[in-house]
1. With the full set of protein chains in place, find how many percent of the accessible area of region 123-255 is carbon and sulfur; take the probe as 1.4 Å.
2. Considering only DSSP beta bridges whose two residues both sit in region 2-249, what percent are antiparallel, to the nearest 5?
3. Quick one: putting +1 on the C-beta of Lys and Arg, -1 on the C-beta of Asp and Glu, what dipole do you get for region 48-124 around its Cα centre, in Debye to the nearest 20?
4. State the extension gain, in nm to one decimal, for the chain segment bounded by Thr112 and Arg190, taking 0.36 nm per residue of separation less the distance between their alpha-carbons.
5. If you rank Met129, Met26 by how much accessible surface each has, with a 1.4 Å probe, what is the order from largest down?
6. So, in Å, what gap is there between the alpha-carbon centers of region 219-255 and region 143-162?
7. So, for region 2-249, what is the accessible surface per residue at a probe of 1.4 Å, expressed in square angstrom?
8. Restricting to DSSP loop positions (anything but H, G, I, E, B) with no more than 16 other Cβ atoms inside 10 Å of their own Cβ, which trypsin sites (Lys or Arg not before Pro) remain in region 4-53?
Amino acid sequence: MTIVAVFNQKGGVGKTTTALNLAAAMARGRQTVYGIDLDPQAHLSAIAGVTAGSGDETILSLFQRDRPLRELVRPTASNIHIVPAHLELSKVDTMFGKGYNVVNRLNTSLRTEKFLDGSARVVVDCCPMIGVLSLNAIFAADCVLVPVAADHLSYKGALQIEKTLKALEPVLKRRVRRRYLLTRFDPGRRVERDVQRMLEEHFGDEVCRTQIRESVSLAESPAYNKNVFEHAPNSRGAQDYAALLDELQAERFIG
Ligand SMILES: Nc1ncnc2c1ncn2[C@@H]1O[C@H](COP(=O)(O)OP(=O)(O)O)[C@@H](O)[C@H]1O
Ligand SMILES: [Mg+2]
């Protein structure tokens, strides 16, 4: 099993787009893919066509009632199995505090579920803040993928994430494997090329060689409740996410 957390404390940088389309790229192969929505805004769930009337049938139940993930997984047309989120998930931070057992809850659950075999792939979509939910994703993750939009504030945000991950190392007793991914990239704009250069200078090999370019197909596909491979299989967006999966697999970042 490989667990990838898609995390950035900044909103609107392409986390959900990346979680969805990376999972979709995996599902095109033989892989069984699970998408876990850890954002109370539930965008991943909604785009995948999974809605939940209450928090009970969602990942909230894992925290609130210790419900096993196998009872929460929902199949979707695109062959990605989704564990949905709900607005009530925002309660988790105030309800439970940040004790080790709480932030390790998803990890324990994923690692003990028998239906998740060795070849399963799990992609976790995070919310834009560091709290109980994102910590759960980071604790469970074999690797963290950080989407970074190519502007100066996003670059500063990436430096902050580096600090956060470093601060977690003594607790996790390991260095979190990570990759920074340029998203919404327009190589025709000088400021974006500058940010790309700064990222590469600072993070070196931890920056993905693949960039996700700004594209209409990626902006449009959520409106049709589709991932980019269903909506526009020959588009730039589909090419970019297929290339990203190839790169991550070639580097054994994803097993
Ligand atoms: N490469 C891209 N090209 C065009 N639009 C994009 C791209 N990536 C994301 N978007 C759009 O930008 C907005 C924010 O993306 P989203 O994935 O929801 O970010 P986050 O989950 O980080 O908040 C969405 O409307 C999404 O459709
Ligand atoms: Mg999102």
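The values are calculated or read from the model by the stated rules, or taken from the named source; none is laboratory data. What you are looking at is a predicted structure, and each value in this text was computed from that prediction instead of being measured. Cβ: placed from backbone, ideal geometry, glycine included. Neighbour counts: every protein chain shown. Quick note on the areas: whole protein, heavy atoms, side chains included, nothing else; ligands and nucleic acids left out. Shrake-Rupley method; radii C 1.70, N 1.55, O 1.52, S 1.80 Å.
1. Values: 3070 of 6090 Å².
Carbon and sulfur: 50 percent of the exposed surface of region 123-255.
2. Numbers: 1 of 27 bridges.
The antiparallel proportion sits near 5 percent.
3. 180 debye
4. Values: separation 78, 0.36 × 78 = 28.08 nm, distance 4.80 nm.
23.3 nm is the gain from fully extending Thr112 to Arg190.
5. Solvent-accessible surface, decreasing: Met129, Met26.
6. Using only Cα atoms to place each centre, the spacing works out to 20 Å.
7. Details: 10610 Å² over 248 residues.
That works out to 43 Å² per residue.
8. Taking region 4-53 and a limit of 16 other Cβ atoms within 10 Å, the loop trypsin sites (Lys or Arg not before Pro) found are Arg30.
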